[in-house]
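First the structure, in the form of structure tokens, and then the observations on it.
The values are calculated or read from the model by the stated rules, or taken from the named source; none is laboratory data. Owing to the predicted nature of the structure, the values given are computational and were not obtained by experimental measurement. Quick reminder, even Gly has a Cβ in these numbers, built from the backbone with ideal geometry, and neighbours come from all protein chains shown.
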Amino acid sequence: MWLSDLRDLAYDLEDIVDELDTKVQRCMLEPKLVRSNKVQKFFSVIHDGLNLDTVKFNSKMVYKIEKASARLDAIIKQKDDLRLGESMGRRVSLVRERPPSTSLVNEAKIYGREEDKKAMLKLLDAEASDAEVSVIPITGMGGVGKTTLAQLIYNDPALDFDLKFWVSIGEDFDVFRITKTIFLQLDDPGAPKSRIIVTTRSQEVSLMMGTTPAYPLKELSYNECLYVFAQHALGTRSFDEHFELKEMGEEIVKMWRITFGSKSSWRALKRALSLTSYDFQVLPDSIGALKHLRYLDLSYTPIKRLPNSVDKLFNLQTLMLRHCVELIELPRGICNLLNLRYLDITGTSSLQEMPPHIGNLTGLCMLPKFIVGKCNRRITELKKLSNLQGQLHITSLENVVDIGDADSANLKHKLGVTELVLQWTNEFSSVFRNSSDEEQVLNSLRPHQSLSSLSIRSFGGRQFPLWLGDASFTSMVQVELSTCPQITLLPPLGRLHLLKRLTIERLTAVKEVGVEFYVDDSCFPCLETIEISYMDHWELWSWSNGLGEDSVAKFPKLREFRIRYCPKLVGKLPTSLPSLEELSIFGCPRLVDLPKGLPSLKELHVLNCPQLVDLPEGLQSLITLSIIGSQEAVLRNVSYATSLTTLEIAGMSGLVRLDEAKIKTLGALQVLEIRNCGELRYLWADETNSDYLTSLKDLKIHQCNQLVSLVNGEEGLLPCNLESLNISQCRYLEELPSGLSNLKSLQYLSIHSCASLVSFPARGLPDSLITVNIEICRSLAFLPEGIIGGKMSHLEELYYIGCPPSLRFSPNGRLPDSLKILAVDYWTTQSLNSLYYGLSHLTQLRIDNCLELESFPERELPIPTLISLKISYCGRLRSLTNHMQDLQCLQSLQICCCDQFELFPEMGLPNPKLVSLKIMFCENLRSLPSQMQNLTSLRYLEISNCRVSFPEGCLPPNLAEHSYV
């Protein structure tokens, strides 16, 4: 109890200090012009050390201080009575232990446990069980209030026991030691009136020790939590006097009500407030009343402005505004928050300017973005922010009009800044842009030499400063140069020997990359990634000034090399890159050669490089190859890629087929995708040994309009281990290879938008298929052999969409019993009748555009396993079967665009599990299903564009969402 009182007093003393400090800071910030001589004298006393004898505080503060002093005297006396001494040499445990609890409790601060207390007292008064000692456990989650309830019971005067004592166990749970401690206190442990209350989170402990069933303590009700929250947060019983905070308070209670029984939950309540991701645009002015607040998080909210009262939160240390993308401005008085250490405005893309005098916040450690403005928002405000750490992104540098201001920012002495971004506006046509001034500004913004990352964006100067690329930057690992349209020469970045990542983009005036970039033959020893993109006039890499190609730019650790959209680049790219794993060349229409000597290359992506005539040799490590928009000749050396697993070919001119020379060494190939190759007639001929591709599992062919057949020949042999075949938008494809039936590993077959395909192979499809998807094949007349007749015993999903309505079934035709998902459209009534036989595993059924369908046969539709049923665009459908009640597993029912649909079954809908019901664009619907109030599982109901209305009392009881349009 003594320790608990001391801890409570410490919190109260901290609150008093906060109030004193708040009052002092508020007074210090009053305008000098309105100060009286008496106020000036007051401040002189404040500065001389807060002499309480000469400062007349208001009666409220005097009362608080006197009360705290009296409590401190009482605690000191208790310490002496308990003979507690101070120890200086005790070893400090690294593990935080829970402080021991006591039997004392302030009942005036307990709310919502009256019924629980009565129930426990009733248990204690009950007859003793057969056990000699009755042990009653109280169980519940941490923080729910188990100890508080036990304290209430222990101190209740109605509890008549000769001896009562309290044992605090802590985290070290030992049944023998605890039991021994208890029994040593009992003169007669076998007395029938002995009772033990045990509080625990663990059900195992409850079962181990309890002689009666445990009393499960539930969390407080919502209204009780709201009352408790108002008491602790506002000191009132409700939000009636703070209506603007009510909605926010209710949301907090909804989120955290499970811990509102714990005292520890309230310690930080007045000091930390997190409203991250809440959907509000306005924060109430009353936020300024939270004078003890140290942490405020409003990240990921649509808030546009903070109230001016925020400048009264003098104890605030952290203000989080991450990704508040609609935030326009910060409060003007934020500069008054002298205790502020962390101001996170990362991702505040709409923020237009900094508040004035932000340089007064000299204790700031985090300010990830600084927007240069005018007057009191100039870059000179950074001068006194010497404690900044981490990232600093300085934007709107075009507003620096005095070159001396840039030097005053004092970046070279901000040693805690590790990432620096210097950015001007990307509007270069402005008359206010002056290249010479911008060069001087950038030169004056030289950072300290320990900087690890530097980005320069939208710089309007003609040359970079000499310090960029200086060897003294020994910690620089990342450099980004972006959108500098007047720069003609790259800086000597080769001197940055620890550089790992380099990004150069939109330096549109650069024509060559040469020795001024490399510097010497020991350049870039650590560089791992290069990205160069959108260099409109870049033509070549130069090896001039007597330095040969073999002596420079070896890039020994380069792993990723990307060049994108450099329309004039011809060459000559660096060679002999021993560590390169990924090479991407996009949009370089004049490039003829790729780098050579790439023994570690694993990924090669080439896009829209039509002049490229060959791949480099020695690609034994290549795993992924993607070639888009090149000539067929570029595949000449693909046979060297013996480890290739994925090959993507698209938009390749001259490709008619894949000959044996190209595929015979691709035994590791697993995925082959060919797209938009307008001259491709077939993949290979029968005489080509497709067994070379023994590992091929996935074959995709898309938009090859001249493709007639996959294989040229009668046998139609395909790789034997194929698992997935996907063909789409090949409008002249007439047939599938007869060898398709031999693919015993094929599981997925999709044929989409092949208008000339008339039929499937006479031998049928392999029995191994799990999914068959046939869509928009207008010339097909029959389903594949094996599907009709139920022979494909592994088939689980069948989609037959957009195919002709004249589809015919054989007289004994039926679908496989293994089907779980079936989607069909344009089927005749005769075809639909085949659905209702033997589909004992079907879970999802979708029927579209079946124009002959008027109703379902009386006992045919019910499929006991059906979970989802969707019916749309069936213009003659009038009603559902009267046996819908038999669909006991149905969870989702959707009926859409069925103009003549009028009635639901008289017996209503299946009620045990139906969760979602949607009825849309059924204009003749007369009424909703009967007994809808019995659909107790229904959570989502949508009725739109129907003439029916909701009858009163008809809505199901557990709806989460419903709409009526």
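Details
- Here segment 937-956 is the region considered, the condition is being under 17 Å from GLU902 (Cα atoms) and of a type in the set (Ser, Thr, Tyr), and the residue that is modelled with the lowest pLDDT is SER949.
- Criterion applied to LEU699, LEU718 was being at pLDDT 90 or above and of a type in the set (A, V, I, L, M), and the one residue passing it is LEU699.
- Evaluation of GLY908 against (1) part of a loop (DSSP other than H, G, I, E, B); (2) on the phi < 0 side of the Ramachandran plot (one fails), failing number: (2)
- Within segment 601-620, being at pLDDT 95 or above and over 15 Å from GLU648 (Cβ atoms) holds for one residue alone: LEU601.
- Tally, over segment 372-387, of residues that are of a type outside the set (Lys, Arg), surrounded by fewer than 20 Cβ atoms within 10 Å (Cβ to Cβ) and assigned to a loop (DSSP other than H, G, I, E, B): 3
- Filtered by the rule that a residue be crowded, with 18+ Cβ neighbours inside 10 Å and part of a loop (DSSP other than H, G, I, E, B), segment 426-447 gives LEU445, ARG446, PRO447.
- Given (1) over 14 Å from GLN423 (Cα atoms); (2) modelled with pLDDT of 95 or more; (3) in contact with an Asp or Glu (Cβ under 8 Å, 6 or more places away or on another chain), index of the condition HIS448 fails: (3)
- For LEU893: the one exception among (1) within 19 Å of CYS874 (Cβ to Cβ); (2) part of a loop (DSSP other than H, G, I, E, B); (3) not β-branched (Val, Ile, Thr): (2)
- Number of residues in segment 546-569 that are modelled with pLDDT under 95, crowded, with 18+ Cβ neighbours inside 10 Å and more than 37 Å from the chain's Cα centre (by Cα) equals 3.
- Residue count, segment 104-122 (criterion: basic (Lys, Arg), outside any loop (DSSP other than H, G, I, E, B) and at pLDDT 75 or above): 3
- Residue in segment 461-472 that is surrounded by 19 or more Cβ atoms within 10 Å (Cβ to Cβ) and out of contact with any Leu (no Cβ under 9 Å at 6 or more places or on another chain) present: no
- For segment 275-285, the criterion of being within 30 Å of LEU337 (Cβ to Cβ), surrounded by 13 or more Cβ atoms within 10 Å (Cβ to Cβ) and modelled with pLDDT under 70 is met by no residue.
- Of the residues making up segment 911-938, those that are of a type outside the set (S, T, N, Q), within 38 Å of the chain's Cα centre (by Cα) and either closer than 12 Å to LEU955 by Cα or surrounded by 20 or more Cβ atoms within 10 Å (Cβ to Cβ) (or both) are LEU914, LEU917, ILE919, LEU935, LEU938.
- Filtered residues of segment 123-140 (kept if at pLDDT 75 or above and touching a helix residue (DSSP H, G or I) at 6+ places or on another chain (Cβ under 9 Å)): LEU124, SER134, VAL135, ILE136, PRO137, ILE138, THR139, GLY140
- Subset of segment 421-435 (residues that are of a type in the set (A, V, I, L, M, F, W, C), modelled with pLDDT of 95 or more and touching a helix residue (DSSP H, G or I) at 6+ places or on another chain (Cβ under 7 Å)): LEU422, TRP424
- When residues in segment 659-711 are screened for being in contact with a Ser or Thr (Cβ under 9 Å, 6 or more places away or on another chain) and closer than 13 Å to PRO737 by Cα, 5 of them pass.
- So LYS218, is it surrounded by fewer than 17 Cβ atoms within 10 Å (Cβ to Cβ), under 21 Å from LEU152 (Cβ atoms), of a type outside the set (Phe, Trp, Tyr) and modelled with pLDDT of 65 or more: yes
- In the set (1) of a type in the set (Val, Ile, Thr); (2) touching a strand residue (DSSP E or B) at 6+ places or on another chain (Cβ under 7 Å); (3) modelled with pLDDT of 70 or more, the condition left unmet by ILE182 is number (3).
- Tallying residues that are surrounded by fewer than 21 Cβ atoms within 10 Å (Cβ to Cβ), assigned by TED's automatic domain parsing to the domain that holds SER430 and assigned to a strand (DSSP E or B) within segment 473-511 yields 3.
- Residue match in segment 754-764 (condition: more than 24 Å from LEU815 (Cβ to Cβ) and touching a residue at least 24 places away in the same chain (Cβ under 8 Å)): yes
- One residue from SER834, SER818 being within 25 Å of GLU785 (Cβ to Cβ), small (Gly, Ala, Ser) and modelled with pLDDT under 80: SER834
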